[in-house]
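The values are calculated or read from the model by the stated rules, or taken from the named source; none is laboratory data. Predicted model only: the values in this text are computed from it and were never measured. Backbone-built Cβ (ideal geometry, glycine too); neighbour counts: all protein chains shown.
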Amino acid sequence: MTPEQISMVQDSFKKVAPISDVAADIFYDRLFEIAPQVRELFPEDMSGQKKKLMQMIATAVNGLTKLEEILPAVQDLGRRHNDYGVVAEHYDYVGAALLFALGKGLGDEFTEELKAAWAETYGTLASVMIDAQKAAAA
Ligand code: HEM
């Protein structure tokens, strides 16, 4: 990722942070619409999940400039996802739902350039998690 992409993502996340509850609702509604098969992996009551997800994204977004520092935590997170029944293919759905929620939250400010920067961010996180998951499962 370029430094410009990193600052774009960080600036835009600051705008989403105040509406993170709404953004998380939009995210999960979309996820379960495009991938109903993953609903059963999550608990009935999603309230705790929403906070954790937004906090993790915040940590990742803030850590983009020092990725090597957050890497072990992201790898641990990936390994825990084996226990949740998550497989590599699920990551595409989560990425799509995330971009959708950001688009709703940011409206016109979610330009193609910003979308590409977020796709890079998510792709980076997801590939670290998937690699750690696969290594742990092997
Ligand atoms: C970059 C991608 C992702 C991030 C940052 C993320 C983040 C998190 C976090 C922070 C937790 C809380 C539990 C913990 O820390 O171990 C969690 C749990 C969970 N995640 Fe993810 N996740 C990602 C991808 C996915 C994908 C692709 C799926 C598949 C649908 C998924 C499904 C779940 C499930 C089922 C739980 C456990 C729910 C529960 O039983 O409480 N996650 N995730």
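Points to keep in mind about this one:
- The stretch 29-47, residues that are over 20 Å from Ala88 (Cα atoms) and more than 9 Å from the ligand (Cβ to nearest atom): Asp29, Glu44, Asp45, Ser47
- Filter result for Lys51 (within 13 Å of the ligand (Cβ to nearest atom), assigned to a helix (DSSP H, G or I), modelled with pLDDT under 90 and not aliphatic (A, V, I, L, M)): yes
- Residue that is more than 20 Å from Met129 (Cα to Cα), surrounded by fewer than 13 Cβ atoms within 10 Å (Cβ to Cβ) and in contact (Cβ under 8 Å) with a residue 24 or more places away in the chain, where the choices are Asp11, Asp21: Asp21
- Of all residue pairs spaced 6 or more apart or on separate chains, those with beta-carbon atoms under 6 Å, a first member in the stretch 41-67 that is under 18 Å from Leu98 (Cα atoms) and basic (Lys, Arg) and a second member that is more than 6 Å from the ligand (Cβ to nearest atom) and not in a loop (DSSP other than H, G, I, E, B) are Lys50/Ala24.
- So Met56, is it of a type in the set (A, V, I, L, M) and within 9 Å of the ligand (Cβ to nearest atom): yes
- Within the stretch 59-74, the set of residues being farther than 19 Å from Glu4 by Cα, more than 10 Å from the ligand (Cβ to nearest atom) and surrounded by 14 or more Cβ atoms within 10 Å (Cβ to Cβ) comprises Ile70 only.
- Selection count where residues are surrounded by fewer than 16 Cβ atoms within 10 Å (Cβ to Cβ) and either polar (S, T, N, Q) or not in a helix (DSSP H, G or I) (or both), scope the stretch 30-48: 7
- Of all positions in the stretch 77-94, none carries a residue that is surrounded by 16 or more Cβ atoms within 10 Å (Cβ to Cβ), in a loop (DSSP other than H, G, I, E, B) and in contact with a Phe, Trp or Tyr (Cβ under 9 Å, 6 or more places away or on another chain).
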